[in-house]
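Undergrad: Next up is a structure, given as C-alpha coordinates.
The values are calculated or read from the model by the stated rules, or taken from the named source; none is laboratory data. Since the structure is predicted, the reported quantities are computational estimates derived from the model, not experimental observations. Because the Cβ atoms are built from the backbone with ideal geometry, glycine has one as well, and the counts that use them run over all protein chains shown.
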Amino acid sequence: MSVGTVFAIALCNMVGMRASKVGVALFGIELGANPLEIGALVALYSLFPMLLALHLGRFSDRFGMRLPMMCGSLGMAGGLAVPWLWPALPGLYVSAAVIGASHVFYHVSIQSLVGQLSSPENRTRNFTTYALVLSAGGFIGPLAAGFGIDAFGYGRAYLALLVMPLLAVLMLARPGRNLPAPKASADEASARNATDLWRLPELRRVFLTSALVLTGIDLYQFYLPIYGRSIGLSASVIGIVLSMFSAAAFLVRSVMPPLVRRLGEEGLLRYALAVGAVGFLALPLMGNAWLLGAVSFVVGLGLGCGQPVSTILVYARSPEGRSGEALGLRIAVNNFVHLAVPLAFGTIGTAMGVAPVFLANAVLLAGGSYLSRAGPRERG
(Lines give C-alpha, C1' and ligand atoms only; values in the text may rest on other atoms or scores of the structure.)
Protein backbone atom coordinates (compact mmCIF):
# COMPACT_ATOMS: atom_id res chain seq x y z
CA MET A 1 0.00 0.00 0.00
CA SER A 2 1.32 3.42 -0.92
CA VAL A 3 1.58 6.29 1.51
CA GLY A 4 -0.86 8.21 -0.70
CA THR A 5 -3.55 5.56 -0.20
CA VAL A 6 -2.97 5.70 3.55
CA PHE A 7 -3.49 9.46 3.43
CA ALA A 8 -6.75 9.05 1.47
CA ILE A 9 -8.07 6.56 4.05
CA ALA A 10 -7.14 8.97 6.85
CA LEU A 11 -8.92 11.86 5.07
CA CYS A 12 -12.18 9.94 4.71
CA ASN A 13 -12.26 8.87 8.34
CA MET A 14 -11.22 12.28 9.63
CA VAL A 15 -14.05 14.01 7.77
CA GLY A 16 -16.52 11.65 9.40
CA MET A 17 -14.96 12.00 12.85
CA ARG A 18 -14.79 15.81 12.89
CA ALA A 19 -18.25 16.18 11.38
CA SER A 20 -19.69 13.88 14.03
CA LYS A 21 -18.22 15.98 16.85
CA VAL A 22 -19.86 19.13 15.50
CA GLY A 23 -23.10 17.27 14.88
CA VAL A 24 -23.30 15.65 18.30
CA ALA A 25 -22.75 18.97 20.10
CA LEU A 26 -25.32 20.89 18.04
CA PHE A 27 -27.84 18.02 18.01
CA GLY A 28 -27.41 17.66 21.77
CA ILE A 29 -28.19 21.35 22.24
CA GLU A 30 -31.23 20.97 19.95
CA LEU A 31 -32.44 18.06 22.10
CA GLY A 32 -32.06 20.13 25.28
CA ALA A 33 -28.77 18.79 26.64
CA ASN A 34 -27.06 20.96 29.26
CA PRO A 35 -23.26 21.51 29.40
CA LEU A 36 -22.80 18.58 31.80
CA GLU A 37 -24.59 16.26 29.38
CA ILE A 38 -22.49 17.64 26.52
CA GLY A 39 -19.44 16.90 28.67
CA ALA A 40 -20.65 13.31 29.05
CA LEU A 41 -20.95 13.06 25.25
CA VAL A 42 -17.39 14.34 24.91
CA ALA A 43 -16.19 11.80 27.47
CA LEU A 44 -17.87 8.90 25.67
CA TYR A 45 -15.71 9.59 22.61
CA SER A 46 -12.72 8.84 24.85
CA LEU A 47 -13.93 5.94 27.02
CA PHE A 48 -13.21 3.03 24.69
CA PRO A 49 -10.04 4.54 23.19
CA MET A 50 -8.68 4.77 26.74
CA LEU A 51 -9.47 1.09 27.36
CA LEU A 52 -8.53 -0.32 23.94
CA ALA A 53 -5.68 1.77 22.51
CA LEU A 54 -2.78 -0.04 24.17
CA HIS A 55 -4.15 -3.49 23.30
CA LEU A 56 -4.82 -2.45 19.71
CA GLY A 57 -1.29 -1.08 19.42
CA ARG A 58 0.09 -4.46 20.49
CA PHE A 59 -2.35 -6.20 18.14
CA SER A 60 -1.19 -4.17 15.13
CA ASP A 61 2.48 -4.76 16.02
CA ARG A 62 1.85 -8.50 16.10
CA PHE A 63 -0.80 -9.14 13.42
CA GLY A 64 -0.66 -6.14 11.09
CA MET A 65 -2.78 -3.09 10.35
CA ARG A 66 -5.42 -4.07 7.79
CA LEU A 67 -7.96 -5.72 10.12
CA PRO A 68 -8.09 -2.96 12.77
CA MET A 69 -8.25 -0.28 10.07
CA MET A 70 -11.12 -2.11 8.36
CA CYS A 71 -13.01 -2.62 11.63
CA GLY A 72 -12.51 1.01 12.58
CA SER A 73 -13.83 2.36 9.29
CA LEU A 74 -16.89 0.07 9.33
CA GLY A 75 -17.60 0.97 12.95
CA MET A 76 -17.40 4.68 12.21
CA ALA A 77 -19.98 4.30 9.44
CA GLY A 78 -22.23 2.45 11.87
CA GLY A 79 -21.80 5.12 14.53
CA LEU A 80 -22.74 7.86 12.08
CA ALA A 81 -25.93 5.96 11.20
CA VAL A 82 -27.17 5.87 14.81
CA PRO A 83 -28.49 9.48 15.09
CA TRP A 84 -30.45 8.95 11.87
CA LEU A 85 -31.96 5.71 13.18
CA TRP A 86 -32.42 6.95 16.77
CA PRO A 87 -32.73 10.77 16.84
CA ALA A 88 -32.73 11.17 20.62
CA LEU A 89 -30.19 11.98 23.33
CA PRO A 90 -29.58 8.28 24.18
CA GLY A 91 -28.87 7.71 20.48
CA LEU A 92 -26.21 10.42 20.60
CA TYR A 93 -24.57 8.68 23.56
CA VAL A 94 -24.47 5.41 21.61
CA SER A 95 -23.14 7.20 18.52
CA ALA A 96 -20.37 8.93 20.47
CA ALA A 97 -19.28 5.67 22.11
CA VAL A 98 -19.28 3.69 18.84
CA ILE A 99 -17.45 6.39 16.86
CA GLY A 100 -14.87 6.83 19.62
CA ALA A 101 -14.20 3.10 19.80
CA SER A 102 -14.04 2.78 16.02
CA HIS A 103 -11.70 5.74 15.67
CA VAL A 104 -9.04 4.14 17.88
CA PHE A 105 -9.18 0.90 15.86
CA TYR A 106 -7.82 2.58 12.75
CA HIS A 107 -6.04 5.56 14.34
CA VAL A 108 -3.34 3.58 16.20
CA SER A 109 -2.67 1.39 13.18
CA ILE A 110 -2.56 4.15 10.59
CA GLN A 111 -0.05 6.23 12.56
CA SER A 112 2.23 3.22 12.95
CA LEU A 113 1.76 2.42 9.25
CA VAL A 114 2.89 5.92 8.21
CA GLY A 115 6.03 5.42 10.28
CA GLN A 116 6.73 1.97 8.84
CA LEU A 117 6.29 3.19 5.27
CA SER A 118 8.80 5.99 5.95
CA SER A 119 12.57 6.09 6.12
CA PRO A 120 14.42 8.16 8.74
CA GLU A 121 15.09 10.73 6.00
CA ASN A 122 11.44 11.28 5.03
CA ARG A 123 9.69 10.44 8.31
CA THR A 124 9.14 14.08 9.36
CA ARG A 125 7.88 14.93 5.87
CA ASN A 126 5.44 11.99 5.79
CA PHE A 127 4.11 12.67 9.28
CA THR A 128 3.76 16.33 8.32
CA THR A 129 1.80 15.37 5.20
CA TYR A 130 -0.33 13.03 7.29
CA ALA A 131 -1.04 15.92 9.67
CA LEU A 132 -1.95 18.14 6.69
CA VAL A 133 -4.40 15.49 5.52
CA LEU A 134 -5.99 15.43 8.98
CA SER A 135 -6.22 19.24 8.86
CA ALA A 136 -7.98 19.03 5.50
CA GLY A 137 -10.42 16.52 6.97
CA GLY A 138 -10.86 18.76 9.99
CA PHE A 139 -11.64 21.67 7.67
CA ILE A 140 -14.12 19.75 5.51
CA GLY A 141 -15.88 17.93 8.36
CA PRO A 142 -17.29 20.92 10.29
CA LEU A 143 -18.33 22.63 7.05
CA ALA A 144 -20.09 19.48 5.85
CA ALA A 145 -21.82 19.06 9.20
CA GLY A 146 -22.87 22.70 9.55
CA PHE A 147 -24.23 23.18 6.04
CA GLY A 148 -25.70 19.66 5.99
CA ILE A 149 -27.61 20.29 9.23
CA ASP A 150 -28.96 23.65 8.02
CA ALA A 151 -29.96 22.18 4.64
CA PHE A 152 -31.26 18.70 5.49
CA GLY A 153 -31.65 18.43 9.25
CA TYR A 154 -29.62 16.42 11.73
CA GLY A 155 -30.61 12.87 10.83
CA ARG A 156 -30.11 13.16 7.07
CA ALA A 157 -26.84 15.03 7.55
CA TYR A 158 -25.50 12.12 9.58
CA LEU A 159 -26.72 9.68 6.93
CA ALA A 160 -24.84 11.55 4.20
CA LEU A 161 -21.65 11.68 6.26
CA LEU A 162 -21.37 7.90 6.67
CA VAL A 163 -20.37 7.71 2.99
CA MET A 164 -16.88 8.91 3.94
CA PRO A 165 -15.79 5.98 6.14
CA LEU A 166 -17.40 3.59 3.65
CA LEU A 167 -15.04 4.97 0.99
CA ALA A 168 -12.15 4.10 3.33
CA VAL A 169 -13.51 0.54 3.61
CA LEU A 170 -13.53 0.22 -0.18
CA MET A 171 -9.90 1.37 -0.41
CA LEU A 172 -8.83 -1.12 2.26
CA ALA A 173 -10.76 -3.96 0.61
CA ARG A 174 -9.21 -3.55 -2.82
CA PRO A 175 -6.94 -6.49 -3.75
CA GLY A 176 -3.21 -5.91 -4.04
CA ARG A 177 -3.01 -3.50 -1.09
CA ASN A 178 0.01 -5.11 0.57
CA LEU A 179 0.98 -3.83 4.02
CA PRO A 180 4.29 -4.15 5.91
CA ALA A 181 4.73 -7.42 7.77
CA PRO A 182 4.27 -7.34 11.57
CA LYS A 183 7.54 -6.72 13.42
CA ALA A 184 6.75 -8.33 16.77
CA SER A 185 6.63 -12.08 17.44
CA ALA A 186 4.15 -13.72 19.80
CA ASP A 187 6.87 -14.34 22.40
CA GLU A 188 8.00 -10.71 22.27
CA ALA A 189 4.45 -9.44 22.55
CA SER A 190 3.62 -11.63 25.55
CA ALA A 191 6.75 -10.50 27.41
CA ARG A 192 5.92 -6.81 27.17
CA ASN A 193 4.68 -4.50 29.86
CA ALA A 194 3.38 -1.03 29.09
CA THR A 195 5.00 0.30 32.24
CA ASP A 196 8.36 -0.23 30.52
CA LEU A 197 7.40 2.51 28.08
CA TRP A 198 5.95 4.75 30.79
CA ARG A 199 9.20 4.54 32.75
CA LEU A 200 11.13 6.14 29.88
CA PRO A 201 11.26 9.83 30.94
CA GLU A 202 11.36 11.24 27.41
CA LEU A 203 8.31 9.20 26.35
CA ARG A 204 6.39 9.93 29.56
CA ARG A 205 6.83 13.68 29.13
CA VAL A 206 5.57 13.50 25.54
CA PHE A 207 2.58 11.38 26.60
CA LEU A 208 1.54 14.04 29.13
CA THR A 209 1.98 17.07 26.88
CA SER A 210 0.25 15.23 24.02
CA ALA A 211 -2.74 14.59 26.29
CA LEU A 212 -2.98 18.31 27.02
CA VAL A 213 -2.88 19.18 23.31
CA LEU A 214 -5.66 16.78 22.40
CA THR A 215 -7.73 17.76 25.44
CA GLY A 216 -7.54 21.35 24.23
CA ILE A 217 -8.63 20.30 20.74
CA ASP A 218 -11.57 18.28 22.06
CA LEU A 219 -12.79 20.98 24.43
CA TYR A 220 -12.56 23.51 21.61
CA GLN A 221 -14.53 21.28 19.22
CA PHE A 222 -17.35 20.62 21.68
CA TYR A 223 -17.65 23.84 23.67
CA LEU A 224 -17.18 26.36 20.87
CA PRO A 225 -20.53 25.28 19.29
CA ILE A 226 -22.19 25.82 22.68
CA TYR A 227 -20.61 29.27 22.92
CA GLY A 228 -21.52 30.03 19.31
CA ARG A 229 -25.16 29.15 19.95
CA SER A 230 -25.13 31.34 23.07
CA ILE A 231 -24.20 34.40 20.97
CA GLY A 232 -26.76 33.58 18.25
CA LEU A 233 -24.69 31.92 15.50
CA SER A 234 -26.28 29.43 13.08
CA ALA A 235 -24.97 25.90 12.53
CA SER A 236 -23.37 26.83 9.20
CA VAL A 237 -21.61 29.88 10.69
CA ILE A 238 -20.36 27.76 13.60
CA GLY A 239 -19.05 25.26 11.04
CA ILE A 240 -17.14 28.05 9.29
CA VAL A 241 -15.66 29.27 12.59
CA LEU A 242 -14.56 25.73 13.47
CA SER A 243 -13.00 25.36 10.04
CA MET A 244 -10.77 28.37 10.75
CA PHE A 245 -9.03 26.20 13.35
CA SER A 246 -8.32 23.55 10.72
CA ALA A 247 -7.23 26.13 8.14
CA ALA A 248 -4.67 27.44 10.63
CA ALA A 249 -3.57 23.90 11.47
CA PHE A 250 -3.08 23.19 7.77
CA LEU A 251 -1.02 26.36 7.37
CA VAL A 252 1.28 25.74 10.33
CA ARG A 253 1.73 22.07 9.45
CA SER A 254 2.81 22.99 5.93
CA VAL A 255 5.82 24.84 7.37
CA MET A 256 6.50 22.38 10.19
CA PRO A 257 9.77 20.87 8.83
CA PRO A 258 11.67 24.21 8.89
CA LEU A 259 10.15 25.01 12.29
CA VAL A 260 11.39 21.67 13.63
CA ARG A 261 14.86 22.33 12.22
CA ARG A 262 14.94 25.74 13.91
CA LEU A 263 13.31 24.98 17.28
CA GLY A 264 13.53 21.21 17.67
CA GLU A 265 10.47 19.03 18.26
CA GLU A 266 10.12 19.79 21.98
CA GLY A 267 10.84 23.49 21.47
CA LEU A 268 8.09 23.68 18.86
CA LEU A 269 5.72 21.77 21.15
CA ARG A 270 6.43 24.25 23.96
CA TYR A 271 5.57 27.26 21.78
CA ALA A 272 2.51 25.50 20.36
CA LEU A 273 1.04 25.00 23.82
CA ALA A 274 1.75 28.63 24.76
CA VAL A 275 0.00 29.97 21.64
CA GLY A 276 -2.97 27.70 22.31
CA ALA A 277 -3.20 29.03 25.88
CA VAL A 278 -3.31 32.63 24.64
CA GLY A 279 -6.06 31.74 22.16
CA PHE A 280 -8.22 30.09 24.81
CA LEU A 281 -7.86 33.14 27.05
CA ALA A 282 -9.26 35.29 24.24
CA LEU A 283 -12.13 33.03 23.08
CA PRO A 284 -14.75 34.03 25.69
CA LEU A 285 -14.09 37.72 24.96
CA MET A 286 -15.24 37.43 21.33
CA GLY A 287 -18.84 38.44 20.66
CA ASN A 288 -19.26 37.99 16.90
CA ALA A 289 -18.39 35.45 14.21
CA TRP A 290 -15.53 37.45 12.66
CA LEU A 291 -13.61 37.85 15.90
CA LEU A 292 -14.40 34.30 16.98
CA GLY A 293 -13.06 33.01 13.66
CA ALA A 294 -9.87 35.04 14.07
CA VAL A 295 -9.20 33.68 17.55
CA SER A 296 -10.05 30.16 16.38
CA PHE A 297 -7.34 30.62 13.77
CA VAL A 298 -4.85 31.49 16.54
CA VAL A 299 -5.85 28.42 18.57
CA GLY A 300 -5.40 26.33 15.42
CA LEU A 301 -1.89 27.69 14.88
CA GLY A 302 -0.93 26.46 18.34
CA LEU A 303 -2.71 23.17 18.79
CA GLY A 304 -2.54 22.31 15.09
CA CYS A 305 1.19 21.62 15.19
CA GLY A 306 1.23 20.21 18.72
CA GLN A 307 -0.53 17.02 17.67
CA PRO A 308 1.82 15.89 14.85
CA VAL A 309 4.94 16.91 16.77
CA SER A 310 3.95 14.68 19.68
CA THR A 311 3.27 11.80 17.27
CA ILE A 312 6.71 12.17 15.69
CA LEU A 313 8.35 12.26 19.12
CA VAL A 314 6.57 9.11 20.30
CA TYR A 315 7.38 7.17 17.14
CA ALA A 316 11.03 8.28 17.11
CA ARG A 317 11.55 7.42 20.80
CA SER A 318 9.69 4.10 20.87
CA PRO A 319 11.78 0.89 21.14
CA GLU A 320 12.22 -1.21 17.98
CA GLY A 321 9.09 -3.19 17.15
CA ARG A 322 6.96 -1.33 19.70
CA SER A 323 5.84 1.74 17.77
CA GLY A 324 2.21 0.61 17.66
CA GLU A 325 2.25 -0.12 21.38
CA ALA A 326 3.86 3.26 22.17
CA LEU A 327 1.37 5.12 19.97
CA GLY A 328 -1.43 3.12 21.58
CA LEU A 329 -0.20 4.06 25.06
CA ARG A 330 -0.09 7.70 23.95
CA ILE A 331 -3.72 7.47 22.84
CA ALA A 332 -4.70 5.67 26.07
CA VAL A 333 -3.14 8.45 28.16
CA ASN A 334 -4.76 11.07 25.93
CA ASN A 335 -8.17 9.52 26.38
CA PHE A 336 -7.85 9.06 30.13
CA VAL A 337 -7.41 12.83 30.30
CA HIS A 338 -10.17 13.29 27.69
CA LEU A 339 -12.53 11.21 29.81
CA ALA A 340 -11.89 13.04 33.08
CA VAL A 341 -11.53 16.63 31.87
CA PRO A 342 -14.80 17.02 29.88
CA LEU A 343 -16.82 15.66 32.82
CA ALA A 344 -15.11 18.08 35.19
CA PHE A 345 -15.43 20.93 32.72
CA GLY A 346 -19.05 19.98 32.02
CA THR A 347 -19.75 20.50 35.71
CA ILE A 348 -18.01 23.88 35.53
CA GLY A 349 -19.95 24.79 32.39
CA THR A 350 -23.29 23.86 33.96
CA ALA A 351 -22.57 25.89 37.09
CA MET A 352 -20.71 28.87 35.65
CA GLY A 353 -21.09 28.92 31.85
CA VAL A 354 -18.71 28.16 28.99
CA ALA A 355 -16.18 30.96 29.60
CA PRO A 356 -14.58 29.30 32.67
CA VAL A 357 -14.10 26.13 30.60
CA PHE A 358 -12.00 28.08 28.09
CA LEU A 359 -10.06 29.83 30.84
CA ALA A 360 -9.31 26.61 32.74
CA ASN A 361 -8.08 24.99 29.54
CA ALA A 362 -5.77 27.96 28.96
CA VAL A 363 -4.22 27.27 32.36
CA LEU A 364 -3.73 23.58 31.48
CA LEU A 365 -2.03 24.43 28.18
CA ALA A 366 0.24 26.97 29.85
CA GLY A 367 1.22 24.30 32.38
CA GLY A 368 1.99 21.89 29.55
CA SER A 369 4.20 24.49 27.91
CA TYR A 370 6.15 24.82 31.15
CA LEU A 371 6.38 21.02 31.51
CA SER A 372 7.89 20.64 28.04
CA ARG A 373 10.73 22.99 29.03
CA ALA A 374 12.23 20.13 31.04
CA GLY A 375 12.98 18.14 27.92
CA PRO A 376 16.10 18.14 25.77
CA ARG A 377 16.08 20.18 22.63
CA GLU A 378 15.35 17.98 19.59
CA ARG A 379 16.71 18.48 16.13
CA GLY A 380 15.07 17.25 12.94
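Undergrad: Here is a check on your reading of the model: is Phe280 closer than 30 Å to Tyr93 by Cβ and either at pLDDT below 80 or in a loop (DSSP other than H, G, I, E, B) (or both)?
TA: No: the conditions fail for Phe280.
Undergrad: Further question: May I ask you to say which residue of Arg317, Arg322, Arg262 is crowded, with 22+ Cβ neighbours inside 10 Å and among the basic types (Lys, Arg)?
TA: Arg322
Undergrad: Still on this model: Mind telling me which of the residues Ala249, Ala294, Ala326, Ala332 ends up being in a helix (DSSP H, G or I), at pLDDT below 90, of a type in the set (Gly, Ala, Ser) and closer than 22 Å to Ala136 by Cβ?
TA: Ala249
Undergrad: List pairs: first in the stretch 249-276 and touching a residue at least 12 places away in the same chain (Cβ under 8 Å) and of a type in the set (S, T, N, Q), second buried (at least 17 other Cβ atoms within 10 Å of the Cβ) and part of a helix (DSSP H, G or I), Cβ under 9 Å, 6+ apart or cross-chain?
TA: Partner pairs satisfying both residue conditions: Ser254/Thr128; Ser254/Leu132; Ser254/Ser135.
Undergrad: Also: Does Arg270 satisfy being buried (at least 21 other Cβ atoms within 10 Å of the Cβ) and either among the acidic types (Asp, Glu) or assigned to a helix (DSSP H, G or I) (or both)?
TA: When the stated conditions are applied, Arg270 passes them.
Undergrad: Which of the following residues is aliphatic (A, V, I, L, M) and assigned to a helix (DSSP H, G or I): Leu214, Leu233?
TA: The unique qualifying residue is Leu214.
Undergrad: Would you mind stating whether Ser310 is touching a residue at least 12 places away in the same chain (Cβ under 8 Å), small (Gly, Ala, Ser) and surrounded by fewer than 24 Cβ atoms within 10 Å (Cβ to Cβ)?
TA: Taking the combined requirement at face value, the residue does not satisfy it.
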